[in-house]
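Notes for the one structure printed next.
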Amino acid sequence: MTVNSAALARAEVPALPAYNAGLSSDAVRARYGVAHIARLGSNENPYGCSPRVVAAMGDLARQIPYYPDASCSALREVLAVRHGVQPEQLVLGNGSEDIIQMLCQAFTGHGDVVLTQRPSFGLHEIYPRMMGATVELVALTADLEFDLAAWCAALQRAPKLAFISNPSNPVGCMWTAEQFAQLLQAASPDTLLVVDEAYVEYAQHTPGYPDTLALLQGCGKPWVVLRTFSKAWGLAGLRVGYGVAGDAATIALLDRVRTPFNVNQAAQIAALAALKDEAFMRRSVQATVTERDALAQRLRAAGLRVASSATNFLFMDLGQDAAVVAEGLLAQGIITKPWKEPGFSQFLRVSVGLAEDNKRFALALASVLGRPI
Ligand SMILES: *Cc1c(COP(=O)(O)O)cnc(C)c1O
């Protein structure tokens, strides 16, 4: 007997696209029989996390039977001091994607417009649509940068919520402090501004990157800034991110839709340990920025169009179906992310890895494209 659960689902759900998370290293190894896997598809930190995090995991064993602290008090306190905000202005999440979902659940529904970029981080689109909201996408300029005028015009129409990635995933481009101030000026007090700074630690190496929290303080408009431990801090496998809001009332609303124990004990301990070794994170970011610039230069010298990047990845126009090229790379053990959004099917996003993996990528790309790189 076949069941028809789709008929029972809320209408929004069957219409949602599946999140494109890519293949695991084990799956690639099994499918292609390759010995070495270069994980360049998920913007992870190839240098990993601080040894202090690994050491802290040893203390975890005796805490396994107990529920974690539902309010993440210790981590919340440290983050509040770090950012100069009140602890009540913070929300912790099972990755920052958890907070993106909370924001959509608390603030969006039928009849609401959510504004974001095309191409964008998939969940900035999927969660609003899950709630029945309409998503409006702002296009890039022809040279793969943010379009300030188009964004200001769209913000003046007062969408319910705007996801502003700075820098962008997947493109890598960024809003400068000056541009961000103009966005803020254009925004309506009836729009919740959500600034996703997943790559802030990398972007701080690019001149002009804003101190967003400072610009938002006292702006008189509702805002949330999202940060994550998944990228520069090297904790993607443990899932922890956070949001800073302009006021405690916004956080209180998110707490109503949040699952009570959303950040597990391992994640809380790891984030605290990682923050105690900021120097490790800074060194790995510096190494990645150097590698990124060298790889971008090599690709551009070979005639490829590569977007400017303030992140730990590069977004490039291959001039042919990127899914086919990515498949060829996968057969050589190199995981990348071919972009699937309309208008971007010829674009590939590659994370910056260790020097030897970046070389492997360039050589494999040359072999798949059939030209020197
Ligand atoms: C990676 C990423 C996130 C989410 O990371 P989590 O692992 O859920 O913390 C959020 N936003 C953007 C733009 C990202 O690239």
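The values are calculated or read from the model by the stated rules, or taken from the named source; none is laboratory data. Note that the structure is predicted; figures quoted are calculated from it, not measured. We place every Cβ from the backbone using ideal geometry, glycine too, and count neighbours over all the protein chains shown.
Residues that are among the hydrophobic types (A, V, I, L, M, F, W, C), under 21 Å from Ala106 (Cα atoms) and touching a residue at least 24 places away in the same chain (Cβ under 8 Å) within the range 120-153 comprise Phe121, Leu123, Ile126, Met130, Met131, Ala133, listed in sequence order.
Take the conditions assigned by TED's automatic domain parsing to the domain that holds Ala214, among the hydrophobic types (A, V, I, L, M, F, W, C), within 20 Å of the chain's Cα centre (by Cα) and on the phi > 0 side of the Ramachandran plot and apply them to Leu144. Does it pass? Yes, satisfied. Only a single criterion out of (1) of a type outside the set (S, T, N, Q); (2) surrounded by 22 or more Cβ atoms within 10 Å (Cβ to Cβ); (3) part of a loop (DSSP other than H, G, I, E, B); (4) not assigned by TED's automatic domain parsing to the domain that holds Val225 is not satisfied by Val263, namely (4).
Within the range 88-144, the set of residues being charged (D, E, K, R), part of a helix (DSSP H, G or I) and surrounded by fewer than 19 Cβ atoms within 10 Å (Cβ to Cβ) comprises Glu88, Arg129. Exactly one residue out of Ala322, Ala326, Ala355 is exposed (fewer than 15 other Cβ atoms within 10 Å of the Cβ) and either more than 26 Å from Arg118 (Cβ to Cβ) or not β-branched (Val, Ile, Thr) (or both): that is Ala355. So is Tyr202 within 16 Å of the ligand (Cβ to nearest atom), within 30 Å of Pro46 (Cβ to Cβ), part of a strand (DSSP E or B) and of a type outside the set (Gly, Ala, Ser) or not? For Tyr202, the condition - within 16 Å of the ligand (Cβ to nearest atom), within 30 Å of Pro46 (Cβ to Cβ), part of a strand (DSSP E or B) and of a type outside the set (Gly, Ala, Ser) - is not met.
Results for (1) assigned to a helix (DSSP H, G or I); (2) of a type in the set (S, T, N, Q), shown as yes or no for each residue.
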residue: Gly208; (1), (2): no, no
residue: Arg227; (1), (2): no, no
residue: Ala271; (1), (2): yes, no
residue: Ser284; (1), (2): yes, yes
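Of all residues in the range 69-82, none satisfies being of a type in the set (D, E, K, R), over 23 Å from the mean Cα position of the chain (by Cα), more than 16 Å from Val240 (Cβ to Cβ) and in a helix (DSSP H, G or I). Against the conditions (1) more than 16 Å from the ligand (Cβ to nearest atom); (2) of a type in the set (D, E, K, R); (3) not assigned by TED's automatic domain parsing to the domain that holds Val85, Arg292 satisfies every one except (1).
Can you find even one residue in the range 119-126 that is closer than 29 Å to Ala70 by Cβ and more than 16 Å from the ligand (Cβ to nearest atom)?
no
Exactly one residue out of Ala158, Ala181, Ala149 is part of a loop (DSSP other than H, G, I, E, B) and away from the ligand (no atom under 15 Å from the Cβ): that is Ala158. I'd like to check something: does the range 78-97 contain any residue that is within 14 Å of the ligand (Cβ to nearest atom), charged (D, E, K, R) and assigned by TED's automatic domain parsing to the domain that holds Asn262? Yes, because at least one residue in the range 78-97 is within 14 Å of the ligand (Cβ to nearest atom), charged (D, E, K, R) and assigned by TED's automatic domain parsing to the domain that holds Asn262.
Just one of Ala187, Ala214, Ala158, Ala153 is among the small types (Gly, Ala, Ser) and either within 20 Å of the chain's Cα centre (by Cα) or farther than 19 Å from Thr116 by Cα (or both); which is it?
One residue alone meets the criteria, Ala214.
Residues that are touching a helix residue (DSSP H, G or I) at 6+ places or on another chain (Cβ under 9 Å), part of a helix (DSSP H, G or I) and more than 16 Å from the ligand (Cβ to nearest atom) within the range 27-68 comprise Val28, Arg31, Tyr32, Pro51, Arg52, Val54, Ala55, Ala56, Met57, Asp59, Leu60, Gln63, listed in sequence order.
Does the range 327-349 contain at least one residue that is touching a strand residue (DSSP E or B) at 6+ places or on another chain (Cβ under 7 Å), within 28 Å of Val138 (Cα to Cα) and of a type in the set (Gly, Ala, Ser)? No, the range 327-349 contains no residue that is touching a strand residue (DSSP E or B) at 6+ places or on another chain (Cβ under 7 Å), within 28 Å of Val138 (Cα to Cα) and of a type in the set (Gly, Ala, Ser).
Among the residues of the range 28-46, are any farther than 21 Å from Ala236 by Cβ and charged (D, E, K, R)?
yes
Report yes if Asp247 is more than 17 Å from the chain's Cα centre (by Cα), of a type in the set (Asp, Glu) and in the same structural domain as Pro128 (by TED's automatic domain parsing), otherwise no.
Considered against the rule, which asks whether it is more than 17 Å from the chain's Cα centre (by Cα), of a type in the set (Asp, Glu) and in the same structural domain as Pro128 (by TED's automatic domain parsing), Asp247 comes out as yes.
Scanning the range 224-252 for residues that are away from the ligand (no atom under 16 Å from the Cβ), in contact with a helix residue (DSSP H, G or I) (Cβ under 6 Å, 6 or more places away or on another chain) and free of Cβ contacts under 8 Å to residues at least 60 places away in the same chain turns up nothing.
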